[in-house]
Every structure is written in C-alpha cells, then in structure tokens.
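Values in this text are rule-based calculations from the coordinates and carry no lab data. As the structure is a computational prediction, the values presented were derived from the model and not from experiment. Ideal geometry is used to build each Cβ from the backbone, glycine not excepted, and the neighbour counts take in all protein chains shown.
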Amino acid sequence: MIPSCVPATSFETSGSTISSEDIYTLKDREGILGLGEVMNYPGVIYGDKEMHKKINVMEHYVKDGHAPNVWDHELNAYCVTGIKTDHECTTVEELNEKVKRGMYIHLREGSATRNVSVLSKGVTNANSRRLLFCTDDKHPEDIKKEGHINYNIKLAIKNGVDPITAIQMATINTATCYNLERIGAIAPSYLADLVVFKSLTEIDVDLVFKKGYLVAKNNRALFEGKLLENESVMNTVNIKKEGLSFEIPLKQSKVNVIKLIENNVTTEHVIRDVKIENGLYVHDDSLDILKIAVVERHHKTGNVGLGFLEGYGLKNGAVAMTIAHDSHNLILIGDNDADMFTALEEIDRIQGGIVLVQNGEVVDSLQLEFGGIMTNKDVSVVESKIKNMDSILRDMGVNEKVDDPFLSLAFMSLPVIPEIKLTDKGLFDVASFKHISLEVDEGDA
C-alpha cells in the first residue's frame, strides 16, 4: 500500500513528503495493492485538492481508511471517494455504521490499542464477511507472549465469535478485501499458504507453510532474515539546540490538557488549573499533569511544540523518543526541564531511539539507528530492553492504566486521531482541525 499521508497533515514538519505525482510513478510497480491509510480524513471530507488527487490517482485500487469517530454525512463524504477499509473503530455502534456503508472493518489489537474484545461483541452472521483483523504497533515482547493475528482470533472466540467465523475474518475476508487471488482458503488452484494448529479455540501455531514450503515450526522461523544496510537512513536526528527551551509562559492558570484514555490512542480534551510562578508554568506534584514536548528533528527548524498531558504518572524523570507518529519528530515527557534536556542530549548522541532519565541520569536506552525508528539488533535484545524500560517506568510512577508507556506516548503527536494532540508547531484540536492555544479562552472555560 503506497503511503497516502506523508506528512499526515500540513500542521507538522516531516522528514519528507509523498505527493500525488510520487504516487502516480509508484502505482504500477509489482506488489502494489493500493493506497495506504488515508489518515487526513478532514482533508478528504472538506475537499483538500492534493488529498483528492492522491485518491483519484489510485481510482481502481484498494484504498485503506482511517476515520476515527467519523459519522453521518461526514462519513458518507469520506466513503464516496471509494475508501474501502477502516481500523479505528472503538465501539460496536461505529463498526456497524461503517459496515452499513460498505466498508471493511479491521478489528485491531496492538500493544496500546486493544479493540478486539469490545468489537467482537458486534460480530454477526450478517456482517462477518465485512470484518477483518489487524495489529497496529505491537511490540516484539507482546508478539512473543500473545501472538499476532492468531491472538486476535483467540480473543474473538473468547468473546463469543464462532471459531470458523473468526478464522474467516483472518483469512478469506482479508484476501477478498484486498483482491488477493489464490490465497485465503484451502482449495484447488489456491496457493498452499497454510497455518497448522491443534485446537479450534486456542489457535497456537505449530507449523507455517508458504507456497507449500515449511517456513516455521514450533515458533521458530526456518529461514534467515536480512540485515538492513543503508547509511542514507542513519544519522537522521538533526536538532537545533540553540535557544531551545521547554519553559511555558502563562498569563492564566486555566489550560487545555491532553488526557490519556485507557487502551486507546484517542485522547480527551480537558481543562485544568495549573501552577504559575513568575509568569511560568511550574510542575505540581499533587497533579497528574506532565509537560510534553515535540521537537522537530529532521531539518533543524528549531520548532518546539509544548503542551500538557494527564494520566501518564511519571515522577522525577523524563522519557524521550524518536518514535512519534507519524512524522517521527522527537517527543518528550517529564516533570522537570533538566531531565528533559538530558534525555534530548542522549537521543542526539545515539541518533534516535528511546531514552529514560531519572534524577539527572540516563538509566536506560534503546538505540534505533535507522531513521530513529528501526534497528538491526536481535529481536531478543529489543524485547529485553523494552521489558526493562517498562519496569523502570512503572517504578517511576507511570500509571498501570497506561497499557504501553511507549506507544501511548508515540501517538500523542498524531494529529489525525481525536480529540487533541501535539505537533512540533503546537497544540492541535483534531475536531476543528487547527492549532489552539495552551491557555483557555475565557469563553471556553
């Protein structure tokens, strides 16, 4: 699927762009199925010309959607472009509204976004052929512990879906949706892509065949992977440090705050009173509100977006990551500026990854040397690092309701998921699709 939204919106700074002309040159390459995740749904609904050019270029291809909490006439406007799928449903009602309009719905289960249990309650004989499964940002540790799509099937069965229906959702439904010929079923003329398991309710995979060849057995691949070797996507962290500040000047105490929602990457827009001294925001230990920053790190623009996040729970430290959907700028959260600066410096030194700082010291880090989001390190190393850093963050007070402290933070910079997020250009209201002030207007208080 060719990415449709690079950047996701014009309200952020990305490392590069993909235009409608770029998409046109790529669409006829072997292996291209369609247009990936049309995230700029306000642009689609309200007629952004470049967004519609991208969709029109891929007129006869499958188009993946992304339409969280889009309903009624706006949903009709989104669907009329031919966008075929959505993976952002969080309620059965939303699932049914989109299926009624002919969409295919992915029931998503990632490390931070866990929707399968709720959505499984809405699977019926009437709608099941329009339902698929997907994961979304799932850590190696979670894949090892739970599984991948097989885990989605297990959850669906546990929540009342007939096992055969759940398996259909993972196989033939997906093949049908994406016009994949000769896969998705076991029948004459179909390729022998087979998953072998003992129980219809547990779906613990014993063997995997690809085109008739055994490629995995007892949870181990029987083939060698290839290491990524491309220096053009290394050393990608370019931060303008001169004049960089995390200070937040405020004239009044009422501020707009991003509130985390458990097991979801959607957020709630809340208004809170914060502490001010000498015209600057000061952290208050009695409030579960932290300073959050998005620092542009591709072009040394010096852009720094600042905001407030509620529900994370970190104390005496900071977290910094270059995984920050979808433009992957540097995102930081902390209860003091000094630790945030230390985390930024370490990210710059290792040229991308995840860094934890406590009381002025770097306590752990994971280098992601390729683009700041990938690594050649063995999966066991990544798994061990993520597990250890998660444990450290829990000891630092991160809320147990934050199912994944890394991915929950990574999604706080994605300005196409409601209600409010933060980009390198400032606090962003997704409903009105514009930047808003940190300070609350008197009329909104």
Study note, to complete from the structure: Within the stretch 70-106, the residues whose backbone N lies under 11 Å from a label point placed 7 Å from the Cα of Lys121 along the Cα-to-Cβ direction are 91-93
Review point. Who wins for biggest fluctuation among Val382, Val118, Val233 in a Gaussian network model of the chain, springs between alpha carbons below 10 Å?
Key: Val233
**Study point:** Anchor Lys275: aspartates and glutamates whose Cα lies under 20 Å away (excluding residues fewer than 8 positions away in-chain)
**Key:** Glu247, Asp284, Asp285, Asp288, Glu310, Asp335, Asp337, Asp339, Glu439, Asp441, Glu442, Asp444
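Net charge within 15 Å of Thr165 by Cβ-Cβ distance, Lys/Arg positive one each and Asp/Glu negative one each, not counting Thr165 itself? Before the final figure, lay out the partial values.
Working: positive: Lys121, Arg129, Arg130, Lys154, Lys158; negative: Asp162.
Every neighbour counted, the sum reads +4.
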Point to revise | Size-normalised alpha-carbon gyration radius of the chain, reference 2.2 N^0.38 Å | key: 1.00
Revision key, fill the gap. Between Leu132 and residues 5 or more places away or on another chain, the pairs with built amide H atoms under 5 Å apart involve Ile105, His106, Leu107
Revision key, fill the gap. Summing -39500 (n - 2.57) over every DSSP H run of at least 4 in the chain, dividing by its residue total and rounding to the nearest 500, the 222 nm mean residue ellipticity is -7000 deg cm²/dmol
Point to revise | Residue among Gly353, Gly426, Leu368 farthest towards the positive dipole end of the stretch 254-435, charges placed on Cβ | key: Gly426
Review point. Semi-axes of the equivalent ellipsoid of the stretch 254-435: what are they in whole Å, largest first, if each equals the square root of 5 times a C-alpha gyration tensor eigenvalue?
Key: 24, 18, 16
Check your understanding: Under unit Cβ charges (Lys, Arg +1; Asp, Glu -1), what dipole magnitude, rounded to 20 debye, does the chain have relative to its Cα centre?
Key -> 1540
Practice item. Would you list, by chain and number, the aspartates and glutamates whose Cα falls below 15 Å from the Cα of Lys377, excluding same-chain residues fewer than 8 positions away? Key: Glu141, Glu224, Glu229, Glu369
Review point. Whole-Hz Karplus ³J(HN,Hα) for the stretch 117-130, in order, using 6.51 cos²θ - 1.76 cosθ + 1.60 and θ = phi - 60°, x for Gly and Pro?
Key: 4, 5, 6, 4, 5, x, 6, 10, 4, 6, 10, 4, 6, 9
Practice item. For the stretch 196-275, build the charge dipole from Cβ charges (+1 Lys, Arg; -1 Asp, Glu) around the Cα centre, then report which of Leu222, Asn256, Ser245 sits farthest towards its positive end. Key: Asn256
Practice item. Have a look at Val295, Thr91, Leu207 and report the one farthest towards the positive end of the charge dipole of the chain, computed about the Cα centre with Cβ charges (Lys/Arg +1, Asp/Glu -1). Key: Leu207
Exercise for review: Among the aspartates and glutamates, select those whose C-alpha is under 13 Å from the C-alpha of Lys300, and discard any that sit fewer than 8 residues away in the same chain.
Suggested key: Glu242, Asp348, Asp424
Practice item. Would you mind telling me the antiparallel percentage of the DSSP bridges in the stretch 2-221, rounded to 5? Key: 50
Point to revise | Unit charges on C-beta of K, R, D, E only; dipole of the stretch 254-435, Debye | key: 440
Exercise for review: With a 10 Å radius around each residue's Cβ, average the other Cβ atoms per peptide and rank 39-47, 143-151, 317-325, highest first.
Suggested key: 317-325, 39-47, 143-151
**Study point:** Peptides 201-208, 292-299, 131-138 ordered by average Cβ neighbours within 10 Å, highest first
**Key:** 292-299, 131-138, 201-208
Check your understanding: Let a ≥ b ≥ c be the square roots of the eigenvalues of the Cα gyration tensor of the stretch 167-315; is it rounded (a/c under 1.5), or, if not, prolate (a/b larger than b/c) or oblate?
Key -> prolate
